[in-house]
Amino acid sequence: MSKNTKQTSSRIATLAAEPLQNERASQTAKSLAASALAQRNGSKQTGAEMEDLAAKVLASKHYADETKELAASVLSQSNKAR
């Protein structure tokens with residue numbers, strides 16, 4: 001299986017911290033933020049379920065630019081073979 005070695009940048013990690021600290025943030029934003037932060041250091045990569053969520057966010061007109069940016073980061077760190 002091909003491994004994606006990309007990691008979340010410090011700028012995206014800072015962006016990801018915001019929805020996790022905001023009780024009014026959507027569950028979608030919080031999920032994407034948690035995934036992005038989990039990939040900050042180490043060898044974790046995006047799972048299939050999170051890939052689907054990120055793709056749906058990017059295809060939708062109903063999410064904030066910040067949420068879409070998190071989705072793009074998470075999607076870029078997915079398994080190359082999928």
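The values are calculated or read from the model by the stated rules, or taken from the named source; none is laboratory data. All of these numbers come straight from a predicted model, not from anything done at the bench. For neighbour counting, all protein chains shown are included, and Cβ atoms are generated from backbone atoms with ideal geometry for every residue, glycine included. Side chains are part of the model used for accessible areas, which takes the heavy atoms of the whole protein and leaves out ligands, DNA and RNA. Shrake-Rupley method; radii C 1.70, N 1.55, O 1.52, S 1.80 Å.
Observations on the model:
- Carbon + sulfur, % of accessible area of the chain - ligands and nucleic acids excluded, 1.4 Å: 49 percent
- Each Lys or Arg adds one and each Asp or Glu takes one away; over the other residues whose Cβ falls under 13 Å from the Cβ of S43, this sums to +4.
- With contacts taken as Cα pairs under 8 Å and at least 6 residues apart, the chain reaches a relative contact order of 40 percent.
- Translational diffusion of the range 13-57, estimated by Stokes-Einstein from the Kirkwood radius over alpha carbon pairs at 4 °C in a medium of 1.567 mPa s, is 119 µm² per second.
- Sum of side-chain charges, L20 neighbourhood, beta-carbon under 14 Å (Lys, Arg +1; Asp, Glu -1): 0
- Per principal axis, descending, Cα span of the chain in whole Å: 38, 25, 16
- Phi-derived couplings, Karplus 6.51 cos²θ - 1.76 cosθ + 1.60 at θ = phi - 60°, listed residue by residue for the range 12-29: 5, 4, 5, 4, 5, 5, 4, x, 5, 9, 9, 5, 8, 5, 5, 5, 5, 4 Hz, with x used for Gly and Pro.
- Highest average packing first - 73-79, 24-30, Cβ atoms within 10 Å: 73-79, 24-30
- Under 22 Å from K30, Cα to Cα: lysines that are on another chain or at least 8 residues apart: K6, K44, K56, K61, K68
- Working note: Karplus 6.51/-1.76/1.60 with θ = phi - 60° gives the range 6-11 the couplings 5, 10, 5, 6, 5, 5 Hz, where Gly and Pro are set to x.
- Amide H contacts of S78 (H built 1.01 Å from N, under 5 Å, at least 5 apart or other chain): T46
- Solvent-accessible area per residue, Å², over the chain with all protein chains present [probe radius 1.4 Å]: 62 Å²
- Residue-by-residue Karplus 3J(HN,Hα) for the range 53-63, coefficients 6.51, -1.76, 1.60, Hz, glycine and proline x: 4, 4, 5, 5, 4, 5, 7, 8, 8, 9, 10
- CD proxy at 222 nm, helix term only [per DSSP H run n ≥ 4: -39500 (n - 2.57); per residue of the chain; nearest 500]: -18000 deg cm²/dmol
- Pair A55, Q21: separation of 7 Å Cα→Cβ label points (nm): 3.4 nm
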